[in-house]
1. Between Phe184 and Ala341, with labels modelled 7 Å along Cα→Cβ, what's the label distance in nm to one decimal, could you check?
2. Can you give the net charge of the other residues whose Cβ lies under 10 Å from the Cβ of Ala286, counting K and R as +1 and D and E as -1?
3. Can you compute 3J(HN,Hα) from phi for each residue in segment 77-86, using the Karplus curve 6.51 cos²θ - 1.76 cosθ + 1.60 with θ = phi - 60°, rounded to whole Hz and x for Gly and Pro?
4. Can you find, among Gly259, Gln292, Ser248, the residue farthest towards the positive end of the dipole of segment 206-316? Put +1 on the C-beta of Lys and Arg, -1 on that of Asp and Glu.
5. Can you give me the long-range amide H partners of Thr91? Hydrogens built in the peptide plane at 1.01 Å from N, cutoff under 5 Å, separation of 5 or more residues or another chain.
6. Any idea how far apart Thr122 and Ala212 come out in nm if each label point goes 7 Å out from Cα toward Cβ?
7. With a 10 Å radius around each residue's Cβ, average the other Cβ atoms per peptide and rank 104-110, 299-305, highest first.
8. Please give, to one decimal in nm, the separation of the simple spin-label points placed at Thr324 and Asp130, each 7 Å out from Cα toward the Cβ.
Amino acid sequence: MKRSLSSAVVAALLVVSACSNSASPTTTASSSTTGSTMSSTTIVGTTNGAPTTSSTTTTVPADVATLPFSIEVGSDGVTYDLGGSPPSGPTSFAVLDDGSVVIADTMAVDRGEPRLLHYDRTGEPLAVLDLADEEVAAVVDVVTDGSNLAILDVLVSMNRYRVLTLSVTGDVEAVVEIPQGFWFEDGLTGLTWDDSGVLLEFELGARHARLAESGAIESPVVPVFDGTSIELIPGSGRMTEVTASLTSFSVDRGTDLGGVTLVGIAPDGSIVVVVDEVDLSGEAIAVTCRLQRYSADGEFERESVIDAADQFFDIQRPFELDATGQVLYLYAGSDRVTIAAIER
C-alpha cells in the first residue's frame with residue numbers, strides 16, 4: 001500500500017518539470033548543449049528596461065570533477081525506484097546554515113523507512129532522520145530556515161496532506177493538516193520557508209499560502225526573504241517580471257514554452273532564478289535550465305546553463321542557496337546522487 005501511494009505522489013509531482021512552470025515530458029529530453037565546460041556568448045533578457053546585452057555563460061557538465069560529494073544508491077545511501085517509468089528518487093534537498101545538507105530520501109518509504117538523510121559539507125553522514133513513528137507516507141519536499149526543517153507529507157489515498165516541522169536531530173515539533181482546496185489538484189508543488197515561517201508553494205512558486213499551526217490559511221501571500229518581498233509574475237510572450245521590494249526587472253526566455261522560478265536571495269541581496277526553456281523544434285524535446293543571478297538592483301550578473309536531460313530522473317527542487325549565496329545542485333546519476341557547486 002505504501003509503495004503505490006508514494007509512487008502516486010511522485011508521479012503527481014513529476015508532471016511538472018523539476019525546473020519549469022510548464023508540464024513538459026523530460027524522459028525524451030535532449031539538448032544542444034555539450035557535455036564539457038565551455039565559455040560562450042548568449043543574449044540575455046532586458047533588465048530595468050535597459051537594452052538587451054551579451055554576457056559570458058558557462059555550460060556545466062554533469063560530471064564536473066570538482067563536485068563536493070556523491071552518495072551511492074542503496075540502503076546505506078539514497079533510494080531509487082527503478083521499477084517506475086520514469087524512475088524516481090529524492091525529490092528535494094535543503095542546505096542548513098552550517099553548510100550541511102538534508103536530502104529527502106522519498107522512495108525509502110517503499111521499504112517502510114520514511115526518512116531524511118543528513119550529511120556534512122564533505123559528504124560525511126551525520127544522521128538518518130527516521131520518520132516512521134510519525135507515519136510519514138511520502139517526503140514530498142523538505143525546506144529549512146537554516147537550523148530547523150519542515151517537510152510536506154502526503155498520503156493520497158486518504159486525502160491526508162500535512163506539514164511537519166522538526167529539529168535537525170529529527171524531533172517533531174509540530175504537525176499541521178493542510179485543508180482541502182490546497183492539495184495537488186489545486187497546484188500544490190512544495191514548501192517555502194520565508195522570514196515569517198513555512199509557506200505552501202503552488203505551481204513551483206507562482207503562488208504561496210501561509211499555513212498557521214491552527215490549520216488556518218492565509219492566501220495569497222508574497223514571500224519575504226531577509227526583509228525583501230519577491231514575486232515572479234508571468235508577462236506576455238516569453239517575459240517574466242521579477243519584483244523584489246522596490247526593484248523590478250524582466251527575465252526573458254528563448255522559447256515559448258518554459259518558465260521562471262526563484263532559487264533564492266543571497267546575503268548580498270543578489271537574486272537567483274532558473275529560466276526553463278523547452279524547445280520543440282528538433283526531433284526530440286530539448287529542455288535547458290539557465291541559472292541566472294541578478295544584483296539587488298536588478299542588473300544581470302551571470303548565467304550557468306544546465307542540460308536537464310543529464311538528470312537520470314526529474315528532481316522536484318534541484319537547486320538551493322547556502323548561507324554564503326553559493327548555488328548547490330542536486331544531480332541524479334544512474335547509480336548515485338551528487339551535490340555540485342554551480343557558481344557563486
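1. Spacing of the two 7 Å Cα→Cβ label points: 3.8 nm.
2. Details: positive: none; negative: Glu277, Asp279, Glu283, Asp307.
Around Ala286, the charge tally is -4.
3. Calculated HN-Hα couplings, in order: x, 8, 10, 10, 10, 8, x, x, 10, x Hz.
4. Positive-most Cα among the choices belongs to Ser248.
5. Ala104, Thr106
6. It works out to 4.7 nm between the two label points.
7. Working: 104-110: 26.1, 299-305: 17.1.
Descending mean neighbour count gives 104-110, 299-305.
8. My value for the distance between the label points is 3.5 nm.
Each value in this text was obtained by applying a stated rule to the coordinates, not by laboratory testing. Predicted, not measured: the structure shown is a model, and the values here were computed from it. All Cβ positions, glycine included, derive from the backbone under ideal geometry; neighbour counts span all protein chains shown.
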